[in-house]
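First up is the structure itself, then whatever we jot down about it.
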Amino acid sequence: MRYFIEVAYKGTQFGGFQIQDTAHTVQAEIDRAISLLMREKVETTGSSRTDAGVHALQNFLHFDIAQPLHPQFIYKVNAILSRDIVLKQVYAVSDEAHSRFDALNRAYKYTLYTQKDPFMQDRGYFYPYSLDFDLLQEAAGILKTYENFMTFSKRNTQVRTYNCNIMESAWTIEDGHIVYRVRANRFLRGMVRGMVGTMLRVGRGKLTIEGFRKAIEMRDCTYADFAVPPQGLFLMQVVYPSGLLDKAIF
């Protein structure tokens with residue numbers, strides 16, 4: 001039987017989402033908790049691979065298991081997981097359903113705060129500099145007119161294509177914070193932070209709109225600025241086809 005699980009996590013203490021040999025990761029802890037409860041080795045597949053220090057309000061994984069799930073599966077798994085991860089829901093799905101490949105789109109947000117705030121230091125990027133909001137918004141809109149985002153992909157990324165369909169891209173003011181929201185069918189490694197860092201250069205007058213377009217068209221990551229910290233980035237939502245998640249079992 002195949003199951004999808006919905007999780008959320010605070011990424012501060014983790015070396016990323018995906019299992020690694022040399023780092024403590026979100027997926028490794030989830031696999032360990034489920035395996036411990038079910039008393040057999042369980043390996044999950046994740047929908048979206050967030051980097052070290054990046055948070056998620058919603059992410060999904062799937063796994064296969066023959067035996068019935070424990071009747072208190074969510075409660076028991078959450079009791080094993082660290083306080084920085086929560087299992088929110090479990091869905092029974094078809095054996096062909098795939099948490100990564102069946103996702104229609106994903107949404108992220110990146111938060112800047114402009115005044116010192118100890119409660120935001122691990123949930124945003126302290127950025128006490130003047131920004132031209134109109135230029136930020138113009139740059140965000142330009143991103144929707146392109147398909148190839150090789151410029152905003154970190155090196156040594158093994159992908160078949162650098163094409164992404166950006167459906168939403170806009171800066172907003174939310175609760176006094178400057179927030180960038182973006183939605184696309186897929187994202188490249190480091191893509192959101194690369195876009196944010198480069199747009200901030202536009203907003204500060206260090207890069208013109210024409211220069212921003214040129215950076216995208218060069219398809220060279222040396223034209224992007226990835227130097228924004230991970231803690232401002234949240235994976236907000238993963239969207240699946242209608243009906244795929246209809247069967248919540250707990």
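What follows is calculated from the coordinates using simple rules that are stated; it is not laboratory data. Note that this is a predicted model, so its numbers are computed, not measured. All Cβ positions, even for glycine, are placed from backbone atoms using ideal geometry, and neighbour counts span all protein chains on display.
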Just subtract the alpha-carbon distance of Tyr162 and Thr208 from 0.36 nm times their residue separation and send over the number in nm, one decimal.
14.2 nm
Where labels lie 7 Å past Cα in the beta-carbon direction, separation of Gln67 and Ala92 in nm
1.8 nm
Just tell me which lysines come within less than 30 Å, Cα to Cα, of Lys10; anything on the same chain fewer than 8 places away is out.
Lys41, Lys76, Lys88, Lys109, Lys116, Lys144, Lys154, Lys247
Between helix 133-143 and the chain, what is the angle of the helix's C-alpha long axis to the longest principal axis, kept within 0 to 90° and rounded to the nearest 10?
60 degrees
In debye to the nearest 20, the charge dipole size for the chain, taken about the Cα centre with +1 at each Lys and Arg Cβ and -1 at each Asp and Glu Cβ, equals 280 debye
For helix 26-38, report the angle its Cα long axis makes with the longest principal axis of the Cα atoms of the chain; keep it between 0 and 90° and round to the nearest 10°.
10 degrees
Label Met1 and Phe126 with points 7 Å out from Cα along Cα→Cβ: what is the distance between them in nm?
5.0 nm
Most fluctuating of Gly11, Gly232, Gly141 in the GNM of the chain (C-alpha, under 10 Å) is Gly141
Mind listing which chymotrypsin sites (Phe, Trp or Tyr not before Pro) in the range 76-125 are in a DSSP loop and have 12 or fewer other Cβ atoms within 10 Å?
Phe101, Phe119
Relative contact order (%) - the chain, alpha-carbon pairs under 8 angstrom, separation at least six:
25 percent
What is the packing order of peptides 51-58, 18-25, 131-138, taking the mean over residues of other C-beta atoms within 10 Å and listing the highest first?
51-58, 131-138, 18-25
